[in-house]
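Reviewing the structure listed below.
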C-alpha cells in the first residue's frame, strides 16, 4: 500500500488504535490515572447491596488525586495544593474505616453524608480516625447511611456504642435531614462481612448487557481518552483565561465564584444561613426530630451528640458574611439545642471569628469542609465526650 | 447506545470494525458479523426489545416468499394485507396504545388505561423506521419490483443493519440487494465513509448539540419570552433538528460505507426549498418517498381527479405527522403540512401563472416550515400558545445573562448553520475527491470530534424517539 492510499484510509487504523489503547487502559491502568477523585472508585453505586453499604467492602485506594467537586462546573484547573496523595480504606462491611475496627470494639458511631465520609479527605484526616488515633475514642464512620440503618444494623444491636454522633452542615441538621431521623422499629439487618473485595465483587457488581446504561457509564467514567481530553481542554482554557474571566464566560448556574477569595460556592441558596429560611416552624421541627432521636437511642443506652457545622456561604460568601448573629439560624439553633438538653458541640462562634481572621475551613473549589474543620470537630468532640464521661453519663 | 456515545465510538464500532475487516472478503461471514453486532446494538436499548424486532422480521421473510410463490392475485393481495396489518398492528400497539387509550378515556369518561393490557406499553426504539422498511420489502415483492431473497442471512443483514436500524434512512431492499451478496471495500469507499462519518459527527456534536444548549436556555425563560426571543427559539430549533438529523444520517451513511454499503442521502438543502412541496422533496427524502410510494400512490395519487388528489395529499401528510409520534402536536403538524401541500397544489391546478422570485419563495417556505416546527417541538398546547402569541407581540426586550452566554458560545454554530443551510448543500460532501489534504483534514477533525464528544454532554438524536 502506498502512502497516499494509507493517508486516505488513515481514520480506520487511528480509530482502531484509539480503541486498543482505551481497552488496555480500562483493563490495566490503575484507577488513579483516569479518575479525579478516589470517591469515584470506591463508591458502591452499582453493587446490588448498594442500598445498604456505601462503599466497596475490603477495598483500599491509594493514589494521587485532586479535590474540587465544583471544578466540573467551573472549568477551572485545580490548585496544585489540592493534588494530594489520597488513601481511602473501606472495612469488611463497606464503611470507611480501617479493616478490623469494628471487631476491636467502638465507643462512638458517626453519622453523616459525604462531609463525614470525607469525599475529599485522605483517611488520616477523617474525624473518626482523629478521634480513634489521637483521642483514643474508637469511632466508627457510618457515612453515608442514615441513622435508621444503624438502628436496624445487627452489629450495633448486639453491641451498641456509647455515643452516636450526628455531623452535618447546618442546613442538614436544622432541616431534619435523613441523617438524624430514626423510627423505633424491630427490623434487623445483617450487614455481611466480606473476607475480600474480590469475593464481594463477584457476588455483587452488576456489569451486564442487561443493564447497558450502567455498563456504558461505568466504562465511560474510567475512560482514559475522556480523562485526558478533558484535561487538555481544561489546561488550554486555563492557559488562555484566568479564573475570573472563565467564571464570567461560563457563568455556571450551579456555582458562584468569588474572585477576591478565589472560592467557589455551590448554588449559594443551598448555603443560606438566615433564620428566615427555617422560621420558628422549621426550628420546632428540627428540635423535635433531634429529641425524638435522642429518646429512641437512649432506649439502647446510647447518647446522641449533634454537630452542626456552619455552611461555606455562612462563613465566606459576600451575601451572608455580614448578616447579624441574631438573624442567622445556626447560633440560634445551638441555643435551642442547649435549652432542650440535646448534647451538641458549638462551632459557630469560633469558626466565624477565625474565618474573619482569614482561616480557611472549606476547600476553595469544593462544597466540603477541609481537614482544619475535621481537626476542630474532633478536638471539640473529644472534650465533649470527656465532659460527659466525667458527668457520669455512662451506660 | 447512540453513535456519539463513548461506548459506541471507542468500543463497539472499533471492535466491530476489527472483526469485520478480518472476514469482509468472505461475504456470508461478514454478514454474520453484521447481524451479530446489529443484535447487540439493538439489545443495548433493552433486551426486551429483541423479540419485537426478531419475530416480525422472520415472519416477513416467509411472507415475502409466500407472496412471490402464490399465483392468484386475490390470494396474494389477501396475504399482503394480512402481513401489513400485522406489522402496522404491532406499531400501533407499541406506539399508539397510550395515546389512543388516554384520548378514548377522556371521550368516554371511563378510564380504560387501568386494564393491564394497556399498561406499561413502551415502544421499542426505532419501531417506526423498522416497520416501514419491512413493509416496503413485502409490498415491493407484491408489486414484482423485486424478487424475494431466498438467502435468509442476506435478508437478516438487510433488515437488521445497525447503521440505519433506529432512525433510518429507510433503505429499500432493491437499493442494497446486490451489495448484500457482493460488495467491495476499497480505499475510495473507506475515504467516502470517513467523509460522511466525520461531517455527521461535526454536525451533530458541534452544531446540533451546541444549539441544544441555547434552545434549553431559551425554553427556560419562555414565560418571559418576547418577539426576538421566540423568533430566535424558533430558528434555533429549526437548525437543530436539521443538523441533528442530517448528522445522524451522514453518520449512518458513513458507517454503512465502511461495511461496503451505499445508503441513500436523506437530505438535499431542505431550507433552500421554494415551496412546502419542494421541502418534502428535500427533507427526510427516504421517508417522504416511502409515503409517496406506499401510501399516496396506493390511495390513488393524482390519478383520480383533483379533489381526490387533494384528499390523498392531505391524508398522506396527516399520517406522516402521526408516524412521528403519538401526540396531538404531530397530528396537527402533519395536518398543517397537508393543508399547505393542498394549497400549493391548488395554485398549480388553477394554472396561476405568476412566478414569484426565488428568494421570496424561499423566504415563504422557510418561514412556514419554521412556524410549523414550533408545533412539532412542543407537545404542550400551552407552550405553543405562548410562543405564537409572543411572535405576534412585537415587544423587544433584552435577553437574560444565561441566554446571552449561550448565544455567545453558540454564535459559531449558528454561523455555520446559516451558511450551510442557505448557501451549501449535501452534494458538496459527495463531491469531495479523495485527496491527501482532504484526508488529513478529516483525520484531524476525527481526532478532535471524538475527544470533544467524550467531554461534552450527550444529547440524544431527536429522531431516535420516532
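The values are calculated or read from the model by the stated rules, or taken from the named source; none is laboratory data. As the structure is a computational prediction, the values presented were derived from the model and not from experiment. Ideal geometry is used to build each Cβ from the backbone, glycine not excepted, and the neighbour counts take in all protein chains shown.
If you filter the stretch B:395-412 down to residues that are under 14 Å from residue B:218 (Cβ atoms) and more than 14 Å from chain A (Cβ to nearest Cβ), you find that the one that is modelled with the lowest pLDDT is B:397.
Screening B:379, B:434 for residues that are within 10 Å of chain A (Cβ to nearest Cβ), out of contact with any strand residue (DSSP E or B) (no Cβ under 9 Å at 6 or more places or on another chain) and not in a helix (DSSP H, G or I) leaves exactly one candidate, B:434. Would you mind listing the helices (runs of 4 or more DSSP H) fully within the stretch B:131-244 where at least 2 residues are within 14 Å of chain A (Cβ to nearest Cβ) and modelled with pLDDT under 95? Helices (runs of 4 or more DSSP H) meeting the threshold: B:187-201, B:209-220.
So which residues in the stretch B:15-44 are more than 14 Å from residue B:256 (Cα to Cα) and facing another protein chain (nearest Cβ under 8 Å)?
Step one: list which residues in the stretch B:15-44 are more than 14 Å from residue B:256 (Cα to Cα), which gives B:15, B:18-19, B:22-23, B:25-29, B:32, B:36, B:39-44.
Selection gives B:15, B:18, B:40, B:43, B:44.
If you filter the stretch A:238-254 down to residues that are under 27 Å from the mean Cα position of the chain (by Cα) and within 9 Å of chain B (Cβ to nearest Cβ), you find that the one that is surrounded by the fewest Cβ atoms within 10 Å (Cβ to Cβ) is A:253.
Please count how many residues of the stretch A:132-171 are in contact with a strand residue (DSSP E or B) (Cβ under 8 Å, 6 or more places away or on another chain) and not in a loop (DSSP other than H, G, I, E, B).
Just the residues of the stretch A:132-171 that are in contact with a strand residue (DSSP E or B) (Cβ under 8 Å, 6 or more places away or on another chain), to begin with: A:132, A:137-143, A:145-147, A:149-150, A:152-154, A:156, A:161-170.
Imposing the further condition that a residue be not in a loop (DSSP other than H, G, I, E, B) reduces the set to A:132, A:139-141, A:147, A:149-150, A:152-154, A:156, A:163-170.
Total satisfying the criteria: 19.
Here residue B:60 fulfils each of the conditions (1) facing chain A (nearest Cβ under 10 Å); (2) crowded, with 17+ Cβ neighbours inside 10 Å apart from (1).
Any residue at all in the stretch A:340-356 that is closer than 21 Å to residue A:179 by Cα, exposed (fewer than 14 other Cβ atoms within 10 Å of the Cβ) and either more than 20 Å from the chain's Cα centre (by Cα) or touching a residue at least 40 places away in the same chain (Cβ under 8 Å) (or both)? The answer is yes, given that some residue of the stretch A:340-356 is closer than 21 Å to residue A:179 by Cα, exposed (fewer than 14 other Cβ atoms within 10 Å of the Cβ) and either more than 20 Å from the chain's Cα centre (by Cα) or touching a residue at least 40 places away in the same chain (Cβ under 8 Å) (or both).
Residues that are in a loop (DSSP other than H, G, I, E, B), over 24 Å from the mean Cα position of the chain (by Cα) and closer than 21 Å to residue A:261 by Cα within the stretch A:291-323 comprise A:322, A:323, listed in sequence order. Within the stretch A:249-267, track down each residue that is at pLDDT below 85 and within 13 Å of residue A:367 (Cβ to Cβ). Result: A:254, A:267. For residue B:75, the requirement of being closer than 30 Å to residue A:224 by Cβ and away from chain A (no Cβ under 14 Å) is not met.
Output yes when any residue across the stretch B:442-464 is modelled with pLDDT of 90 or more, more than 14 Å from chain A (Cβ to nearest Cβ), assigned to a helix (DSSP H, G or I) and over 21 Å from the mean Cα position of the chain (by Cα), and no when none is. No - not one qualifying residue is present in the stretch B:442-464.
Restricting the first member to the stretch A:324-339 and to residues that are farther than 11 Å from residue A:275 by Cβ, and the second to residues that are at pLDDT below 95 and exposed (fewer than 13 other Cβ atoms within 10 Å of the Cβ), no beta-carbon pair is closer than 8 Å while six or more apart or on different chains.
Answer yes if at least one residue in the stretch A:227-237 is more than 11 Å from chain B (Cβ to nearest Cβ) and assigned to a strand (DSSP E or B), and no otherwise. So that I can check it myself, show each step before the final result.
Let us first name the residues in the stretch A:227-237 that are more than 11 Å from chain B (Cβ to nearest Cβ), namely A:235-237.
Add one more test, that the residue is assigned to a strand (DSSP E or B), and what stays is none.
No: zero hits.
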